[in-house]
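**Student:** Supplied in structure tokens, the structure appears directly below.
What follows is calculated from the coordinates using simple rules that are stated; it is not laboratory data. Source: prediction; values computed, not measured. Here Cβ is always computed from backbone atoms with ideal geometry, including for glycine, and neighbour counts include all displayed protein chains.
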Amino acid sequence: NAGVMQNPRHLVRRRGQEARLRCSPMKGHSHVYWYRQLPEEGLKFMVYLQKENIIDESGMPKERFSAEFPKEGPSILRIQQVVRGDSAAYFCASSPLPGTRNTGELFFGEGSRLTVL
Amino acid sequence: GESVGLHLPTLSVQEGDNSIINCAYSNSASDYFIWYKQESGKGPQFIIDIRSNMDKRQGQRVTVLLNKTVKHLSLQIAATQPGDSAVYFCAERTGGGADGLTFGKGTHLIIQP
């Protein structure tokens with residue numbers, strides 16, 4: 001059973017370009033979370049999605065950032081017009097049950113490291 | 001500010017000694033806590049969890065202690081090994097929400113030979 005798969009592992013973009021980060025949850029998991037981690041910092045919650053629904057996006061910047069989790073295919077975190085401050089590691093996690101009812105354990109991917117030049 | 005935090009950014013221990021990593025939280029509504037281990041260049045990995053109706057839970061070589069009176073959480077690692085070198089994060093769930101976990105900043109555990 002493959003774990004949470006994220007790609008690309010490393011992404012370099014110039015200011016103003018778009019970044020797309022993909023996340024395939026573990027098999028059987030329909031709940032996906034995105035977190036951002038700055039160097040020497042903890043993980044900051046961004047968004048929680050179920051298939052075709054955004055459940056909680058309270059941690060996501062209002063502009064330039066969007067996320068989706070379509071019925072088919074991976075979850076995608078999209079950052080438009082990237083700026084240097086977007087440079088970070090972006091982690092995706094999945095769980096088999098909703099956040100309100102599960103044990104809380106999230107299974108994390110290896111992360112996508114975005115560098116904005 | 002952060003509702004979950006750690007007392008020390010770095011902890012250095014001798015191989016074979018026991019390690020104690022501490023975490024303070026401020027949200028008394030938190031009902032569930034997890035410790036994660038993150039090795040360099042990798043994603044966080046679950047270590048052990050504890051619910052707020054417990055004060056101690058043991059795993060293999062690890063023990064988590066919860067003191068709700070002072071809102072303090074600790075992770076004890078017995079007989080620390082080189083493979084334990086990593087950053088350790090405590091995380092809390094405030095309950096009733098669907099937004100996953102809130103993480104502290106982490107403690108970097110360094111194992112000295």
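**Student:** Straight-line reach from residue B:56: which lysines fall under 24 Å, measuring Cα to Cα and dropping same-chain residues less than 8 apart?
**Tutor:** Answer for residue B:56, where 24 Å is the Cα cut-off: B:37, B:68, B:71, B:105, listed by chain and number.
**Student:** Residue A:62: which lysines have alpha carbons under 18 Å from its alpha carbon, excluding same-chain residues fewer than 8 sequence positions away?
**Tutor:** Straight-distance partners of residue A:62: A:44.
**Student:** OK, next. Let me check against my output: what whole-number percent is the relative contact order of chain A, with C-alpha pairs under 8 Å and at least 6 apart?
**Tutor:** On the way: 295 pairs, mean separation 42.9, N = 117.
Computed over chain A, the figure is 37 percent.
**Student:** Moving on to the next point. Identify the GluC sites (Glu not before Pro) of the stretch A:1-66 meeting these criteria: DSSP loop state and at most 16 other C-beta atoms within 10 Å of the C-beta. Please report the intermediate quantities before stating the final value.
**Tutor:** Details: sites: A:18, A:40, A:41, A:52, A:57, A:63; in loops: A:18, A:40, A:41, A:52, A:57, A:63.
Here the GluC sites (Glu not before Pro) that fit, given the DSSP loop and packing criteria, are A:18, A:40, A:41, A:52, A:63.
**Student:** Then there is this: Extending each Cα 7 Å along its Cβ direction at residue A:7 and residue B:29, get the distance between those two points in nm, one decimal.
**Tutor:** Once both label points are built, they end up 4.1 nm from each other.
**Student:** Based on Cβ point charges of +1 for Lys and Arg and -1 for Asp and Glu, what charge dipole magnitude is obtained for chain A about its Cα centre, in debye rounded to the nearest 20?
**Tutor:** Values: 17 positive and 12 negative charges, 76 e Å.
Roughly 360 debye for chain A.
**Student:** Give me the number: length gained by fully extending residue A:50 to residue A:72, i.e. 0.36 nm times residue separation minus the C-alpha to C-alpha distance, one decimal in nm.
**Tutor:** Working: separation 22, 0.36 × 22 = 7.92 nm, distance 1.19 nm.
So the chain would gain 6.7 nm between residue A:50 and residue A:72.
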